[in-house]
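Accompanying notes for the structure given below.
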Amino acid sequence: MQKTVFILLFSLLLVPLTYADMGPKPSLEVSVSFEGKPIDGLFAAAVLYCFGPEQRSIYPYPDEEILENKLVEMQDGSDLGQIKKYGLTPKQMAILEKDGNCYWIPAEYSWGGDCSNSKCNFGYGIPDSFRLAVYLPSRQKVFFTNEAPRTNKGLDTYLQADLKQDGTGVLSESPSNPFNTVFSARRFFAIALALVITLIIECALALIYFAIRRKNLRNVKGVVAANVVSLPSLWIFLAITPLGFLNSIAIAEIGIVFLEGAIIRKLSNGDLSLPHATILSAVLNACSFLFGTIMPLFMVGY
């Protein structure tokens, strides 16, 4: 049994961490134009967030010094490769003049920004309100848009940005069908990948648990079936809910724990009680969710 447990633990460690983000995360797609015309070729963009009084209050320095140190820190280690490849620095993509209480600087956890043919995509940590900095190599210029909210706080937000000659840009909502955020090729691939990795992690943990508790290892088929049902349902729910992302996740995860518990219990043929299966579902979901949420934060150097 010890050999079995060791093999299962080792297989869990082999999960590719670069794809560890199992759960759905907010994403942003921006259609970018210049004076109303599409932009051909490659360019770069960064989501900017308000570096306001609350963030600055933790540093015992003048605002200018805090801002300079923060941008240098980003330059040294943050995941802003989309602008670095053009020889740009975070400082060049920031708005250094205070706008109200805000300095607008790149959001380090808004991953993405490698843009092409008028499309920019971002994922993971999208602020509730943000501006966009867009660099067009053809014009050797950075454009800054107005502030706009993340319109769909459940899953995906679609915006459009029209850049102007004077270096500004108008960021506004783009009409979208919420079901397109699930039933697109990109989202289908993301769901499939998330399902595979979630199954690897949860099945490995479940098998370890069954081996330790001397339960039938075939009970793992209930874990597989539960995830096949629940994970796509979660993505659809988040795509159409009007609630905020964190509220939606909390509500959905509670429902999923009970749904998966019922499925695991049903397919165990009496080997697991309903409370037993529900607790197992809660533990497995907590492990995979935390692994997928927290691990990406350690994948970025700072």
List every residue whose amide H lies under 5 Å from the amide H of residue 107, counting only residues 5 or more places away in sequence or on a different chain, with H placed 1.01 Å from N in the peptide plane. 47, 48, 49
List the aspartates and glutamates whose Cα sits under 17 Å from the Cα of residue 215, skipping any in the same chain fewer than 8 residues away. 202, 271
Hey, what did region 29-144 get for relative contact order, percent, Cα under 8 Å, at least 6 apart? 40
Order by protection proxy (mean Cβ within 10 Å, highest first), peptides 45-52, 68-75, 228-235, 256-263: 45-52, 256-263, 228-235, 68-75
Calc'd 3J(HN,Hα), region 36-53, phi into Karplus 6.51 cos²θ - 1.76 cosθ + 1.60 (θ = phi - 60°), Hz, glycine/Pro = x, comes to x, 10, x, 10, 8, x, 8, 7, 9, 8, 9, 7, 10, 10, 6, 8, x, x
Give the long-range amide H neighbours of residue 241: residues separated by 5 or more places, or on another chain, with amide H under 5 Å away, using H modelled in the peptide plane at 1.01 Å from N. none
How far, in nm, would the chain grow between residue 258 and residue 40 when pulled straight, counting 0.36 nm per residue and subtracting the alpha carbon separation? 73.6 nm
In nm, give the distance between the simple-model label positions of residue 140 and residue 290, each being 7 Å from the Cα along the Cα-to-Cβ direction. 5.2
Tell me, 86, 124 in order of fewest to most beta-carbon neighbours within 10 Å? 86, 124
Which listed pairs, of 37/85; 37/91; 84/164; 37/164; 119/141, have C-alpha distances above 21 Å, in listed order: 37/85; 37/91; 84/164
In sequence order, calculated HN-Hα J values of region 99-114 (Karplus, 6.51, -1.76, 1.60; Hz; x Gly/Pro): 10, x, 9, 10, 9, 9, 10, x, 7, 5, 9, 8, 6, x, x, 7
Taking neighbour counts of Cβ atoms within 10 Å as a proxy for exposure, in what order, fewest first, do 31, 281, 248 appear? 31, 248, 281
Would you please give the residues with an amide H less than 5 Å from that of residue 174, counting only those at least 5 places away or on a separate chain, with H modeled from the backbone geometry? 158, 159, 160
What Kirkwood radius, in Å to one decimal, follows from the Cα pairs of region 30-149? 14.7
Across region 144-150, in residue order, what do the Karplus-derived ³J(HN,Hα) couplings come to in whole Hz, using 6.51 cos²θ - 1.76 cosθ + 1.60 with θ = phi - 60° and x for Gly and Pro? 10, 8, 6, 7, 9, x, 6
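Each value in this text was obtained by applying a stated rule to the coordinates, not by laboratory testing. Keep in mind that what you see is a predicted model, and the values were worked out from it rather than measured. In this analysis, Cβ positions are derived from the backbone assuming ideal geometry, glycine residues included, and neighbour counts consider all displayed protein chains.
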